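Nothing in this text is a laboratory measurement; each read-out follows from the coordinates by a stated rule. Remember, it's a predicted structure, so these values are computed and weren't measured experimentally. Here Cβ is always computed from backbone atoms with ideal geometry, including for glycine, and neighbour counts include all displayed protein chains.
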Amino acid sequence: MFLARVFTLYPEIFPGPLNKGLYGKAMSENIWDLKTINIRDYTTDKHKTVDDTPYGGGSGMLIKPDVLGSSLDKNLKTGEKIIYFSPKGKLFNQSIAKKISKLSVINLICGSFEGVDQRVIDSRNIEEVSIGDFVLSGGETAVFIFLDAVLRLIPGVVGNNYSIEEESFENGLLEYPQYTKPQIWEKKSVPEVLLSGDHAKIKDWRLSQSEAITRDRRPDLWQKYKKD
Ligand code: SAH
């Protein structure tokens with residue numbers, strides 16, 4: 001069982017898209033589970049204050065370390081991995097998704113406002129992860145993307161494991177183009193080689209397509225692929 005704990009100020013939006021077909025089914029089969037923790041439940045004042053102004057000035061508010069710290073301490077066991085979604089984190093990718101999919105528990109913190117007090121990140125050994133070079137209004141949508149990428153890698157979630165192995169990034173390349181019926185559509189036929197039944201030739205064609213697309217669209221991936 002893979003358990004994802006999500007620390008958020010908006011628990012009502014979960015499981016959201018993580019409840020769709022595949023993932024809803026896998027959850028009912030106890031392959032994975034989602035627990036949401038409302039950070040606001042760990043406030044101690046009567047106004048349930050979760051945020052405050054930044055020391056040193058500046059616009060916006062920050063989630064208070066005492067509130068966030070206590071929400072973590074009261075819900076997780078020592079040694080569990082904790083991720084805080086943040087634009088200054090390590091860039092998320094398929095290889096991180098793979099590593100996470102092998103864990104049994106992951107704790108995910110959604111920031112809001114301008115972020116969180118740095119002391120919680122340091123004292124609870126929290127890893128910062130970014131889902132891309134852009135700024136969101138909160139970590140919740142980042143969690144959806146993160147868990148969508150992770151969950152489909154857990155055995156039993158996606159039926160046909162083969163389809164996972166052939167995908168973009170699996171061999172450091174982007175995926176080759178794919179075609180289905182009808183064989184001729186708007187006067188365009190599918191590439192001849194795919195109709196040949198020659199599996200070695202098809203494999204070669206797909207690899208060369210993958211290489212050409214990667215070279216053209218993602219010079220960064222292409223450089224890495226050539227080096228390895
Ligand atoms: N002041 C911060 C941005 C805060 S955005 C800065 O300049 O770095 C508010 C929240 O949205 C963050 O706490 C984080 O949880 C989430 N968020 C925003 N952009 C993100 C990204 N690219 N990846 C992951 N989480 C992000």
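Here are the numbers:
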{"read-out": "Debye, to nearest 20: dipole size of the chain, +1 on Lys, Arg Cβ, -1 on Asp, Glu Cβ", "value": "340"}
{"read-out": "Per-residue ³J(HN,Hα) for segment 35-45, Karplus 6.51 cos²θ - 1.76 cosθ + 1.60, θ = phi - 60°, Hz, x for Gly and Pro", "value": "10, 9, 10, 7, 4, 4, 5, 10, 7, 10, 9"}
{"read-out": "Distance between modelled label sites at LYS77 and PHE134, nm, 7 Å Cα→Cβ extension", "value": "3.9"}
{"read-out": "Interchain or long-range residues, amide H under 5 Å from GLU128's placed H", "value": "TYR84, LYS90"}
{"read-out": "Highest-MSF residue in the chain out of ILE145, ILE202, ILE96 [GNM, Cα springs under 10 Å]", "value": "ILE202"}
{"read-out": "Point-charge dipole on Cβ atoms (K/R +1, D/E -1) for segment 1-128, about Cα centre, debye to 20", "value": "480"}
{"read-out": "Longest to shortest principal axis, alpha-carbon extents of the chain, angstrom", "value": "72, 41, 37"}
{"read-out": "Tally of Lys pairs whose C-alpha atoms are under 28 Å apart, taken over segment 168-227, 8 or more apart or cross-chain", "value": "12"}
{"read-out": "Cα centroid of segment 156-199 to Cα centroid of segment 37-111, whole Å", "value": "40"}
{"read-out": "Residue with peak Gaussian network fluctuation, the chain [Cα springs, cutoff 10 Å], from LYS25, LYS201, LYS35", "value": "LYS201"}
{"read-out": "Among LEU18, LEU194, LEU153, residue whose mean-square fluctuation peaks in a GNM of the chain (springs only between Cα atoms under 10 Å)", "value": "LEU194"}
{"read-out": "Share antiparallel - DSSP beta bridges, the chain, percent rounded to 5", "value": "15"}
{"read-out": "FRET efficiency for GLU192 and ARG217, using Cβ-Cβ distance with R0 set to 30 Å, rounded to 0.05", "value": "0.80"}
